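Asker: Just passing along the structure, written as structure tokens.
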Amino acid sequence: YLLDKLEKYDSRDVERLQQDDKWVDSYLIWRHDVVDDTLKMIDESFQWRKEYTVNDLSESVLPKWLFESGVLFLHGYDKEGYKLFWFRVKHHTKDPKQQLEKKKLVAFWLEHYAKRDHGKPLTVVFDMAETGISHIDLDFVRFIVSCFTDYYPNFLTKIVIFEMPWIMNAAFKIVKGWLGPEAISMLKFTNKNDVQEYISGEYLPPHMGGTDSFKYSYPPLVDDDFQTPLCENGPITSEDEHESKEESKEEIDADTKEAGELNEEQNLNQKKVGSIEQISKSDETDKTEIKPKNSKKALTTFKGPLLHISPAEELFFGSKETGEKKCLIVLTNITKNVVAFKVRTTAPEKYRVKPSNSSCEPGTSLDIIVSLHGGFAASLQDRFLIMAAEMDQSSGAGVQELTQFWKEVPRTKVMEHRLRCHVVESSKPSSLTLKENTLNIPAKNNEDLHIQLTHLLQINKRLQEQIDRCLWLQQLSVGVLLLSVAVVAFCFYLA
């Protein structure tokens, strides 16, 4: 199959297909494990990827006005924890001259997210409030739908259509004709009264009945969820600002003392520049007594070009029942220069981070304490973004110097790493997680479980179809048998 059409594919896609089993599995799942259909989809997908130069799409090759229009963007999560891909239809106007560039913008966003979050599925939101005939563009809608049905396998959870005008009913009947039975079942037509069945109010704008004050803007395009900076002391109300500052100062002193003890112990073991090695069993027992309880899960390390970050993927918080509200992030500077860093979150009203904007000396480690503010509880939808960049030796590391540094540093020199939140329901799962990591048994992540569950559901569906066919054949056989008996009886009667 490859040899006949190799020149029609991007060699990078072919190489990835040969190395990435999850990618292959996602194609198989989307085509119900039918190999011929899977090959056909890979063929069409690869040719499309080369035609649209998907692997080379970046902000620099697309017109700036496309991003500024705010027609397409990623922001927020639905109730199942899937990222929302917004299409603000009222900002779109049909123009054949701009159609190719707009299609490439769709491909840019999908590829941008697929690389960032390892292909975790998306929920598409068609916000059709304040739209009319001038906004109808069936070719563009068809392209968006075909991206999910033909080019990005297993990448769609549902399509939420908000307040579709009655005048567009006929148009969407045509759209349904492009979709298979499974994709049609993913369509969710909503209005203000029922949209929160799928998306909670915190990620819905006011015109959809929500409380999200987010407004898409460009730049920055680092990640639209992280445009709000963190406050180290948590949110402060104007009424008791002075009192809150005093309380925050006491908490900072206590946490600084705690962090100092941790740094003193860690720096003895980490004088050399290098990766953070997994904690030995004897050290685990000692260190978990002084660290926040859930920091014992920080046994994996992300090895970046500037910083090594531990934990690598998830921050473990306790539920309301377990009460654990603190986590530890350990940064290790592996360069020969000072590295500036700052931490952002999708939920700045919930968390305090100390420090959230500082610097790390060459070859040293630094502890960041993340704690929940007030009565808030951690959520699986919450994310943290750690940004880091190398500073010149002559640059200072004060507040003003850091502020100026982040204004001037090119984005190409900024290292980014994202962490998810994980809520531990009880102490039992915690001990199980620790044992798995201690024995170097890789724990199943959410993406793996989602793929396996989808696979099982597809197998179950096929089994159900086979059972239905068997029952139908059985009923047909019984009917033929009864008919034969009746004919024989009638022949005897005539005889």
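The values are calculated or read from the model by the stated rules, or taken from the named source; none is laboratory data. Predicted, not measured: the structure shown is a model, and the values here were computed from it. Cβ sites come from the backbone with ideal geometry, for glycine too, and all protein chains shown count toward neighbours. These accessible areas exclude ligands, DNA and RNA; they are computed on the full protein's heavy atoms, side chains included. Shrake-Rupley method; radii C 1.70, N 1.55, O 1.52, S 1.80 Å.
Asker: State the volume of the convex hull built on the alpha-carbon positions of region 302-423, expressed per residue in Å³ and rounded to an integer.
Answerer: Looking at region 302-423, the number lands at 99 Å³ per residue.
Asker: A follow-up question, please. Which one of P165, L105, P121 has its Cα pushed farthest toward the positive end of the charge dipole of region 57-208, where Lys and Arg give +1 and Asp and Glu give -1 at the Cβ?
Answerer: With unit charges placed on the Cβ atoms, the residue in question is L105.
Asker: Follow-up question, since we're still on this one. Describe numerically, in nm with one decimal, the distance between label points set 7 Å from Cα along Cα→Cβ at Q474 and at N460.
Answerer: 2.1 nm
Asker: Next question, about the same structure. Of T123, T412, which has the most accessible area with a 1.4 Å probe, and how do the rest follow in descending order?
Answerer: In descending accessible area the options line up as T412, T123.
Asker: If you don't mind, another one. Considering the zone a paramagnetic label at E7 would reach in this model (a point 7 Å from Cα along the Cα-to-Cβ line), which residues of region 51-84 have amide N under 20 Å from it?
Answerer: Residues passing the 20 Å test: 51-53.
Asker: Take W65, W472, W406 and sort them by solvent-accessible surface of the protein heavy atoms, 1.4 Å probe, largest at the top.
Answerer: Result of the area sort, largest leading: W472, W65, W406.
Asker: What shape does region 2-54 take by its C-alpha gyration tensor, where a ≥ b ≥ c are the square roots of the eigenvalues and a/c under 1.5 counts as rounded, a/b above b/c as prolate, and the rest as oblate?
Answerer: Verdict is prolate for region 2-54.
Asker: Among DSSP beta bridges lying fully in region 57-208, give the percent that are antiparallel, nearest 5.
Answerer: About 20 percent, rounded to the nearest 5.
Asker: Between R142 and N337, what's the calculated FRET efficiency when r is the beta-carbon distance and R0 is 60 Å? Round to 0.05.
Answerer: Here the calculated transfer efficiency is 0.75.
Asker: Can you compute the charge dipole magnitude of region 2-54 about its Cα centre, using +1 on each Lys and Arg Cβ and -1 on each Asp and Glu Cβ, nothing else charged? Give it in debye, rounded to the nearest 20.
Answerer: That gives region 2-54 a dipole magnitude of about 160 debye.
Asker: Using 10 Å bins from zero, what percent of all Cα-Cα pairs in region 1-141 falls into each bin?
Answerer: 10, 34, 35, 18, 3, 0
Asker: Roughly how many debye, to the nearest 20, is the charge dipole of region 57-208 about its Cα centre, given +1 on each Lys and Arg Cβ, -1 on each Asp and Glu Cβ, and no other charges?
Answerer: 240 debye
Asker: Grab the alpha carbons of region 57-208, take their convex hull, and tell me the volume per residue in Å³.
Answerer: With only Cα atoms used, region 57-208 gives 116 Å³ per residue.
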